[in-house]
1. So which residues in region 120-135 are more than 14 Å from the chain's Cα centre (by Cα) and in a loop (DSSP other than H, G, I, E, B), if there are any at all?
2. Looking only at residues in region 120-171 that are among the hydrophobic types (A, V, I, L, M, F, W, C) and free of Cβ contacts under 8 Å to residues at least 40 places away in the same chain, which one is nearest to PRO42 (Cα to Cα)?
3. Would you say GLU125 is surrounded by fewer than 15 Cβ atoms within 10 Å (Cβ to Cβ) and touching a Phe, Trp or Tyr at 6+ places or on another chain (Cβ under 7 Å)?
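Every number here is computed from the coordinates shown, using simple stated rules; none is lab data. Not measured: the values here are computed from a predicted model. Here the Cβ positions follow ideal geometry from the backbone for every residue, glycine too, while neighbour counts run over all protein chains shown.
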Amino acid sequence: MLARVKLFIPLFLFAVLALFLFRGLSLDPKELPSALIDRPLPAFSLPNLATGQLLDRSSIVGEVSLLNVWATWCVSCRVEHPYLLELAQSGVAIFGLNYKDEDAAARQWLEQLGDPYRLNIADREGSLGLDLGVYGAPETFLLDDQGVVRYRHVGVVDERVWRNTLQPIYQQLTAEAGR
């Protein structure tokens, strides 16, 4: 009897392993929480993409804003770019984090496609991206006027994402900042 039970141990272990793998593969990275929620944007000292001047956290603190992680090698970034231009034209403050990219290619991209960003942080090595817990591009962080991360969105920001998710939070934070 014991010998027969031993025959089923590998099957049982396989079933448990398959369950863990299935659970891990079914996770949506858009639903992964950020450890930075309700924490200040990490300190950094990185160059401005346009001027080379060093920027730090104080360069983007002071108003409710979006920090958009983008790159020229990112196909999805090209998809979301026109909508970011619309948001910027409507008055939404957007700062760019050019992630693991070449400066010349990034400047050319903005020249050709338009520049929705108030300023662009050149994160050539990905150090700020690492501190932010960036998985890739595009990702967008919603910051309050004190530079505290209030929300993180992984993926393309389009009209649906803006209206259903980001805009209500943005409006609430803007109202709180006005008090």
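1. ARG124, GLU125
2. So, considering only residues that are among the hydrophobic types (A, V, I, L, M, F, W, C) and free of Cβ contacts under 8 Å to residues at least 40 places away in the same chain, the one nearest to PRO42 (Cα to Cα) is LEU130.
3. On the way: surrounded by fewer than 15 Cβ atoms within 10 Å (Cβ to Cβ): yes; touching a Phe, Trp or Tyr at 6+ places or on another chain (Cβ under 7 Å): no.
In short, no.
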